[in-house]
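Some notes on the structure that comes next.
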């Protein structure tokens, strides 16, 4: 990242601070050493730009290795320094870090509200993996709020925005987070495959925190696949790493998760020790999932000791806490685990009605979890995964080149070939991005696809002497939704409208997101009056659905639309679009919540 004035060469301290930033994921020890050295030099010389990036690096490092409060203080100072030198990229990344601090404290909605409005500007200003960091933070918020479809959409975009050549270890973070979301949805086999690739890539890095999170997620997968004995190796490895800022970090030690694995593997002594350690490290400020997992681990320990009554009391006493934790962000995965454990304890105690009630709650939650999994589409990650595999091949070849002098020349050739292949894949990725036809938020076709298909549809309609109606729709008072409920609510509303438009369109119709809150509908073999009737039915349906949803009350509970058809309007596709747009403008001026046909089309109808 460069300051606003790019004609001024960066100072030595700023170059060192940027180097520290690039090492954030790949080498935590060198990263922190370089950041501190850059900070000391910047303070001595009064270099605010260098001090800002050094503090930014230290703040992000503290998110994982210290506490959110310590990280927040450092990031606030980093933002102040970046403001002083008009470094907008640094300011945006500081905001991303501050949102992560709120996320670490379990304030997921607050974190999303802080970072989501930065999305569009961040994609313009930030570069490579820094864009990915912004998008990944948004994805993490949606994940913790139980909105897996949005989480996957943003993670995939993070993969697309991150450069293969300049990832510096951020690709491993994305592997880890994709696996975490799959775990939340219960797809443990697919999660294991992502974790394995992440761990293999992590072998080239020096980041204990990242390695530990990947390993903890693997422990969760193996435990839930009834392969807890296989997880014991990871448990022992994790316990050898100190849970402090010199090891894998004081945040989220996950002793409660390791305890469950040990208990289910039959190592009661180790499970007992880990339950005790979890009790000493967790507090009311810990994340809801961690507290609930500890409750289940305590109950399983009591069951292993032959104390089912005590286990029942432990779980029953937590019912109120579980209800409150749900509001704070308790995941479906952990809620399923809790009620499954409660059913098992009641069954052991011979309390059949209570066991059946708990089992029914578990079944309902499990069904809800399965529905989330079916909606979340993550197959689009295949191309990005292939790109990441190529990066791993480059790293593997570099490692072999360093290990033997005899193969140096041969490996250099192979390295150049792989670099060329990465450039080719990146070029393909760019071409695919340009050719993309879908708007990822609504699932409808995008403006580029509209521009591609409208001329050919118009030519076909005129050849066959059939009408082609063009409808442009604008949601009324949409800005009110963003202003009063936030951009996340606005995104959800746009997605809902897009889904309604897709559901009520014919197979021959082409529904597009035109831009912002505007949509376009191409209706072949349809005259304007028929298109008007169709749109009025859509308007009625949308207004009724919004009336049933209190979140839509601030605005966008109706729309205005303009229609033109090809039989009445001469000219090319642009002229047809303009005619529909003019009719839309008339509808808005006439008071909104109405569908008007272009005056030229009305003359033909009359």
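The values are calculated or read from the model by the stated rules, or taken from the named source; none is laboratory data. Bear in mind the structure is a predicted one, so any value in this text is a computation, not a measurement. When we count neighbours, we look across all protein chains shown, and the Cβ atoms used for this are built from the backbone with ideal geometry, even at glycine.
Below is a table of values for the structure above.
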read-out	value
Residue in the stretch 424-435 that is modelled with pLDDT under 90 and in contact with a helix residue (DSSP H, G or I) (Cβ under 6 Å, 6 or more places away or on another chain) present	yes
Verdict on residue 83 being closer than 19 Å to residue 126 by Cβ and surrounded by fewer than 24 Cβ atoms within 10 Å (Cβ to Cβ)	yes
Lone qualifier among 503, 517, 496 - being in contact with a helix residue (DSSP H, G or I) (Cβ under 7 Å, 6 or more places away or on another chain) and at pLDDT below 95	517
Matching residues, the stretch 125-156, being modelled with pLDDT under 80, surrounded by fewer than 22 Cβ atoms within 10 Å (Cβ to Cβ) and in a helix (DSSP H, G or I)	149
All positions within the stretch 519-537 that are surrounded by fewer than 21 Cβ atoms within 10 Å (Cβ to Cβ), farther than 21 Å from residue 599 by Cβ and in contact (Cβ under 8 Å) with a residue 40 or more places away in the chain	524, 525
Residue selected from the stretch 186-238 under the condition touching a residue at least 60 places away in the same chain (Cβ under 8 Å) and not in a helix (DSSP H, G or I), by the criterion surrounded by the most Cβ atoms within 10 Å (Cβ to Cβ)	207
Sole residue being under 17 Å from residue 442 (Cα atoms) and within 36 Å of the chain's Cα centre (by Cα), chosen from 548, 537, 489	489
Which listed residue, of 596, 544, 585, is crowded, with 17+ Cβ neighbours inside 10 Å and either under 13 Å from residue 473 (Cβ atoms) or without any contact (Cβ under 8 Å) to a residue 24 or more places away in the chain (or both)	596
For residue 537: the one exception among (1) over 30 Å from residue 115 (Cβ atoms); (2) modelled with pLDDT under 95	(2)
Meets criteria (within 18 Å of residue 479 (Cβ to Cβ) and not in a strand (DSSP E or B)) for residue 536	no
Residue in the stretch 63-71 that is free of Cβ contacts under 8 Å to residues at least 40 places away in the same chain, part of a helix (DSSP H, G or I) and buried (at least 24 other Cβ atoms within 10 Å of the Cβ) present	yes
Set 41, 111: member being farther than 30 Å from residue 292 by Cβ and touching a residue at least 12 places away in the same chain (Cβ under 8 Å)	41
Residue that is nearest to residue 48 (Cα to Cα) [pool: residues in the stretch 91-115 that are under 14 Å from the mean Cα position of the chain (by Cα) and crowded, with 20+ Cβ neighbours inside 10 Å]	96
Test result for residue 568, buried (at least 21 other Cβ atoms within 10 Å of the Cβ), within 37 Å of the chain's Cα centre (by Cα) and either modelled with pLDDT under 95 or more than 21 Å from residue 498 (Cα to Cα) (or both)	no
Residue list for the stretch 265-282, restricted to those being crowded, with 21+ Cβ neighbours inside 10 Å and over 31 Å from the mean Cα position of the chain (by Cα)	271, 274, 275
